[in-house]
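First up is the structure itself, then whatever we jot down about it.
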Amino acid sequence: MSVRKSYSPDFKTKIVLEILREEKTLAQLSSEYGVHTSQLKQWKKIALEGLPTLFTDEQRAIERMKKEYTKQSEELYAEIGRLTTQLAWLKKKCGLATEP
C-alpha cells in the first residue's frame, strides 16, 4: 500500500521558481527535494498555464471576491459570538441557565 505525499503550496511554489531559474536540472531538484521528476514537470506546467491569468481583470475580480467573502465570514462569526454571549447572559438572568 503506497501513501501519497501531500505538498504545501509554498513548497510547490519554491520548487517551481527554482525550475524556472534553470540553475539546476529537474533530476537535481528531484533528488534534492525527494519529488519525482514527472511531478516537477506537472507543477511547472500548471504554473506556466496559470501565469497569464494573474494579470487579467478576471483574476483581480476573483481575488476581490475572496477578500469580500473572508471579510463577511469574519463579521458573521463575530456576530455569532456576540449573540451566543447575549443568549447565555439572558438565560442566566432569567434563571434558564443550567448549572453544572
Test result for residue 64, under 19 Å from the mean Cα position of the chain (by Cα) and surrounded by 11 or more Cβ atoms within 10 Å (Cβ to Cβ): no
Any hit, region 50-64, residues being within 30 Å of residue 17 (Cβ to Cβ), touching a Ser or Thr at 6+ places or on another chain (Cβ under 6 Å) and not hydrophobic (A, V, I, L, M, F, W, C): yes
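Values quoted throughout were computed directly from the atomic coordinates according to the rules given, and no laboratory measurement underlies them. As the structure is a prediction and not an experimental result, all values here were calculated from the model. Virtual Cβ from ideal backbone geometry, glycine too; neighbours counted across all protein chains shown.
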